[in-house]
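The values are calculated or read from the model by the stated rules, or taken from the named source; none is laboratory data. A quick note: this is a predicted structure, and the numbers were derived from the prediction, not measured. Methodologically, a virtual Cβ is constructed for each residue, glycine included, from the backbone with ideal geometry; neighbour enumeration extends over all protein chains shown. The area values use the complete protein model at the heavy-atom level, side chains included, leaving out ligands, DNA and RNA. Shrake-Rupley method; radii C 1.70, N 1.55, O 1.52, S 1.80 Å.
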Amino acid sequence: MNTVAIKPVAATAGAASGNHAPKVVSQGVKVFYGEKEALHGVDLDINEREVTALIGPSGCGKSTYLRCLNRMNDVVEGCRVEGSIKIDGDDIYDRRIDVVQLRARVGMVFQKPNPFPKSIYENVAYGPRIHGIAQGKNELDEIVESSLTRAGLWKEVKDRLDKPGTGLSGGQQQRLCIARAIAVSPEVILMDEPCSALDPIATARIEELIDELRENYTIVIVTHSMQQAARVSQRTAFFHLGDLVEYGDTSQIFTNPKEERTQAYITGRFG
Amino acid sequence: MTDSALPMTAAMANRAPRKLVLNEKRVRSRYAAERRFRAYGIAAIAFGLFFLAWLFVTLVVQGYGALQQSKMRLDVNLDAATLAPGGKVDDTTLRAADYTALLRTALRDTLGVGSDRAQRREAYALLSNGADNELRRIVMADPTLIGKTVPVWVSASADVDTLIKGQIARDLPENQRRLKDRQIAWVDKLVADNRLKKRFNGALFVNGASSDPEQAGMGVAIIGSMYMMLVVLLTALPVGVAAAVYLEEFAARNRWTDLIEVNINNLAAVPSIVFGLLGLAIFLNFFGMPRSAPVVGGLVLSLMTLPVVIIATRASIKAVPPSIREAALGVGASKMQVITHHVLPLALPGILTGTIIGMARALGETAPLLLIGMVAFVVAYPATPFDPATALPVQIYMWAGAPERSFVERTSAAILILLAFLIVMNAAAVLLRRRFERRW
Ligand SMILES: Nc1ncnc2c1ncn2[C@@H]1O[C@H](COP(=O)(O)OP(=O)(O)OP(=O)(O)O)[C@@H](O)[C@H]1O
Ligand SMILES: [Mg+2]
């Protein structure tokens, strides 16, 4: 079972800033790949309806942490998670948790666009269908349209919904994946370097989209681009070698970091 | 950021600029080596193609004759008194009637043979032993013919057939020939009268076993093979896919699964005769299943095909990109949903291709079938897979062992037909792969 380390809230993970309540509360999160410890106890609170950026050099554990939030690590052989992660007060590593429901509440967008090799419509409709969200075809059509609209893709694809999703451009595919994620009405959306395979224009489009989605969703985004973190996020967490080094308001992290290592990383002295 | 700052070693930095116009000798020898290598490859392919062509040409040249059979036109008086004594026309009487007598009378009249017994015997030898069956079929299909004199085409005997096809030397001394001078004269007369000629040999495809080559066909073997393929499909495919899905998706990686994996791979390499022995011991001796039954043959072939299906299925499941699984898991699909909605559909073309190739191998397999009594003389079609039958390759094996000249050409024809089935199956596999080939 998970050992819940009862610790005082870590200093770096300063309590909710402004008027946003924490949606996700993680305490002492350790992740092991076999014997190897990839995260050494991360305490991090993620605020509701904000964009939280995770930055840090390659291999520091950003993806690992992100994948803890929807228990995607469960399918990695030999991966073990310790500590506690609570979403709206529920420990998601509790035995009684239904992982399927959890993943419906915590959607994910991956680094490489990965639409199903099915039609655009089917890509978006798949989630609602397996969760029985829509009553009948009309409602499903509505969900598909509104998801695609919110992902900013509707105008481009409304005449070719039955064409394969894999036939879209990279940026369109990534927006399709975002539409697919929001079609099941998640509360949290996890994005692991969603723009790393995209050109600057498609990237700008996605960043705009993230900014719009912030109205309704809690977003956690991993990025290697300092500029992107600065542009889209309200809070930024800096990871290094499996530790959460510093966490705070994005403006503060980028203008006035408290930690030496953060300073070094954002000014490009390592990474 | 850091990629551009790859350190350059001193050696790399200090090397003199390379000249493009190189030592001519070295270039020439390199090109020569390439040409030689290409020539070896072409020679190897030509070697293979040569033998393949040889095989096909021999088979076609030898087997082509079997597609035709010498038939005789006789004006048979379908005498009501012989066929339906007392005017009773029903199936039982018609089946039991003496058609041979009718045919022999017609033949005697045609050839003008008197009452000399030796002559008669020689005349009758021109007719196939199964000719009465052919006439029976005609009459039973249309009983209104009874009482009339109708022209019918019936098979000539194998000796006549070989003579017509020019496979018997006419200039041998009479006592070394199977046909005597008088018989040859009759044959020539019949040919001249347009009463004896080669016609399409439908019997080859529909008839069952017969010791008379002109009556022997592959019908029972084809049906037996089809039943077996059906059994293979119905057992090896579901069992193989289930095993592969379990091993790929559910089984933990440990010593046991490693052991199972090694054994499956070994199973694929086990000589087929061993499977025959296994089938004999288990299905026949232990479970007491019927001998010569396609269901047993099918089960034995399933055992052989199973590892092929498992290996193909595992390979195609592995080929499904992890990003698709992650995508499905990410929207909250359960493990079962990931497998049934995404993994299996994407793996299906590969699974089917593997299955078809495995079945094609099973179709041509002979050795295990010999052990479970498929070498059988079966005249009647098997109504169910539990009835005795043979299989195509076993039929070939049996015909190849028969001494008559007419069986030689039938053997080649049967091989051609088996090859045609195999080519169709393999082509289906290739098409399937082409059609569903995906790129991610
Ligand atoms: N499936 C795995 N098995 C074993 N080790 C892993 C696995 N996934 C990640 N790791 C290790 O865990 C550590 C953190 O990896 P992670 O993928 O979280 O890094 P990251 O911060 O996302 O890096 P990047 O920016 O390159 O994506 C790395 O040292 C990595 O080698
Ligand atoms: Mg990563």
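When chain B is treated as a Gaussian network with alpha carbon springs shorter than 10 Å, the biggest mean-square fluctuation among B:ALA236, B:ALA101, B:ALA312 belongs to B:ALA101. Near the amide H of A:VAL245, within less than 5 Å, lie the amide hydrogens of A:PHE238, A:PHE239, A:HIS240, all on another chain or at least 5 residues away, with H placed in the peptide plane.
Full extension of the chain segment joining B:VAL274 with B:LYS197 gains 23.0 nm, where the gain is 0.36 nm per residue of separation less the Cα-Cα distance. For B:HIS342, the solvent-accessible surface computed with a 1.4 Å probe is close to 0 Å², ligands and nucleic acids excluded. Heavy-atom accessible area, probed at 1.4 angstrom with all protein chains present, ranks B:VAL424, B:VAL320 as B:VAL424, B:VAL320, highest first.
Would you mind giving the mean number of other chain beta-carbons within 10 Å of the Cβ of each residue in A:101-112, as a whole number? Don't jump to the answer; show the numbers that get you there.
Values: counts 1, 1, 7, 4, 1, 2, 3, 6, 2, 4, 1, 4.
Going residue by residue through A:101-112 and averaging, the value is 3.
In chain B, what percent of the accessible surface is made up of carbon and sulfur (1.4 Å probe, ligands and nucleic acids excluded)? Carbon and sulfur atoms account for 63 percent of the accessible area of chain B. Across the cross-link table entries A:LYS30/A:LYS62; A:LYS163/B:LYS318; A:LYS137/A:LYS163, which are compared at the Cα atoms, the separations over 24 Å belong to A:LYS163/B:LYS318. Of all DSSP bridge pairs formed entirely within chain A, close to 60 percent run antiparallel. Between the listed residues B:PRO388, B:ALA106, B:LEU278, the Cα displaced farthest toward the positive end of the dipole of the protein assembly as shown, a dipole computed from Cβ unit charges relative to the Cα centre, is found at B:ALA106. Qualifying chymotrypsin sites (Phe, Trp or Tyr not before Pro) in segment A:26-71, where qualification requires a DSSP coil assignment and no more than 15 other C-beta atoms within 10 Å, are lacking entirely.
When +1 charges are put on Lys and Arg Cβ atoms and -1 charges on Asp and Glu Cβ atoms, the dipole computed for segment B:316-440 relative to its Cα centre reaches about 640 debye. Which of the three applies to segment B:219-436, rounded, prolate or oblate, going by the alpha-carbon gyration tensor with a ≥ b ≥ c and a/c under 1.5 meaning rounded? Since a/c reaches 1.5 and a/b is larger than b/c, the shape of segment B:219-436 is classed as prolate.
Per-residue SASA remark: B:TYR381, around 120 Å² accessible (1.4 Å probe; ligands, DNA and RNA not included). In the protein assembly as shown, the DSSP-assigned H stretches of four residues or longer account for a calculated mean residue ellipticity at 222 nm of -15500 deg cm²/dmol, using -39500 (n - 2.57) per stretch and the full residue count as denominator.
Going by a ≥ b ≥ c, the root eigenvalues of the Cα gyration tensor, does segment B:167-215 fall in the rounded group (a/c under 1.5), the prolate group (a/b larger than b/c) or the oblate group?
Values: a/c = 3.09, a/b = 1.52, b/c = 2.03.
Taking the square roots of the gyration eigenvalues as a ≥ b ≥ c, segment B:167-215 is oblate.
Please compute how much accessible surface disappears when A pairs with B, both sides summed, using a 1.4 Å probe, and round it to the nearest 100 Å². Display every interim value, and only then the final one.
Working: alone 12500 and 24780 Å², together 35510 Å².
Buried area between the two chains comes out at roughly 1800 Å².
For segment B:157-259, what is the accessible area per residue in Å², given a 1.4 Å probe and the full set of protein chains? Display every interim value, and only then the final one.
On the way: 5060 Å² over 103 residues.
Result: 49 Å² per residue.
So what's the angle, to the nearest 10 degrees on a 0 to 90 scale, between helix A:170-182 and the longest Cα principal axis of chain A? The angle comes out near 80 degrees. Coupling constants for segment A:195-205 follow from the phi torsions by the Karplus curve (6.51 cos²θ - 1.76 cosθ + 1.60, θ = phi - 60°), and in residue order they are 10, 5, 9, 10, 7, x, 5, 5, 4, 4, 4 Hz; glycine and proline get x.
With the whole protein complex present, B:MET140 retains an accessible surface near 50 Å², based on a 1.4 Å probe. The angle separating the long axis of helix B:181-192 from the principal Cα axis of greatest extent in chain B is about 80 degrees. Specify whether the C-alpha gyration tensor of segment A:19-63 places it in the rounded, prolate or oblate class, a ≥ b ≥ c being the square roots of the eigenvalues: rounded for a/c under 1.5, otherwise prolate if a/b is larger than b/c and oblate if not. The shape class here is oblate.
Treat every Asp and Glu Cβ in the protein assembly as shown as -1 and every Lys and Arg Cβ as +1, leave all other atoms uncharged, and give the resulting dipole magnitude about the Cα centre to the nearest 20 debye.
On the way: 80 positive and 69 negative charges, 524 e Å.
Rounded to the nearest 20 debye, it is 2520 debye.
Taking 0.36 nm per residue of sequence separation and removing the Cα-Cα distance, the B:THR105/B:LYS25 pair yields an extension gain of 19.8 nm. Relative to the longest principal axis of the Cα atoms of chain B, helix B:255-268 runs at roughly 40 degrees.
For the residues A:GLY61, A:GLY34, A:GLY152, a GNM of chain A with alpha-carbon springs under 10 Å puts the largest fluctuation on A:GLY34.
In peptide A:128-138, what is the residue-averaged number of other protein chain Cβ atoms found within 10 Å of each Cβ? Walk me through the numbers before you get to the answer.
Numbers: counts 1, 2, 7, 3, 0, 0, 0, 0, 0, 0, 0.
Shielding by partners across A:128-138 averages 1.
Pop out the carbon and sulfur fraction of the accessible area of chain A as a percent, whole number, probe 1.4 Å.
Numbers: 5730 of 11620 Å².
Reported share for carbon and sulfur atoms: 49 percent.
The residues of chain A present an accessible area of 43 Å² per residue when probed at 1.4 Å with all protein chains retained.
Applying 1/(1 + (r/R0)^6) with r as the Cβ-Cβ distance of B:LEU234 and B:ALA400 and R0 = 45 angstrom yields a FRET efficiency of 0.90.
Selection among B:SER225, B:ALA402, B:ALA333 by position relative to the dipole of segment B:219-436 gives B:ALA333 as farthest towards the positive end (Cβ unit charges, Cα centre). When chain B is treated as a GNM with alpha-carbon contacts under 10 Å, the residue of B:VAL379, B:VAL220, B:VAL331 showing the greatest mean-square fluctuation is B:VAL331.
For segment A:82-223, build the convex hull from the C-alpha positions and give me its volume per residue in Å³.
Working: hull volume 17.1 nm³, N = 142.
Considering the Cα atoms of segment A:82-223, their hull volume per residue is 120 Å³.
The mean number of partner chain beta-carbon atoms within 10 angstrom of a residue's beta-carbon across peptide B:333-341 is 3.
So what is the relative contact order of segment B:219-436, in percent, for Cα pairs below 8 Å that sit 6 or more residues apart? Each step should come with its number before you reach the end.
Numbers: 294 pairs, mean separation 68.4, N = 218.
The value is 31 percent.
Return a whole-number percent for the relative contact order of chain A, with Cα pairs under 8 Å and 6 or more residues apart as the contact set. Walk me through the numbers on the way to the answer.
Details: 523 pairs, mean separation 70.3, N = 271.
Relative CO of chain A lands at 26 percent.
Determine the order of B:TRP153, B:TRP399, B:TRP256, B:TRP54 by accessible area, beginning with the largest, at a probe radius of 1.4 Å. Could the numbers behind the result be given before it?
On the way: B:TRP153 60, B:TRP399 15, B:TRP256 180, B:TRP54 145 Å².
Sorted by accessible area, descending: B:TRP256, B:TRP54, B:TRP153, B:TRP399.
Amide H to amide H distances under 5 Å link B:LYS198 with B:LYS71, where only residues 5 or more positions off or on other chains count and H is placed in the peptide plane.
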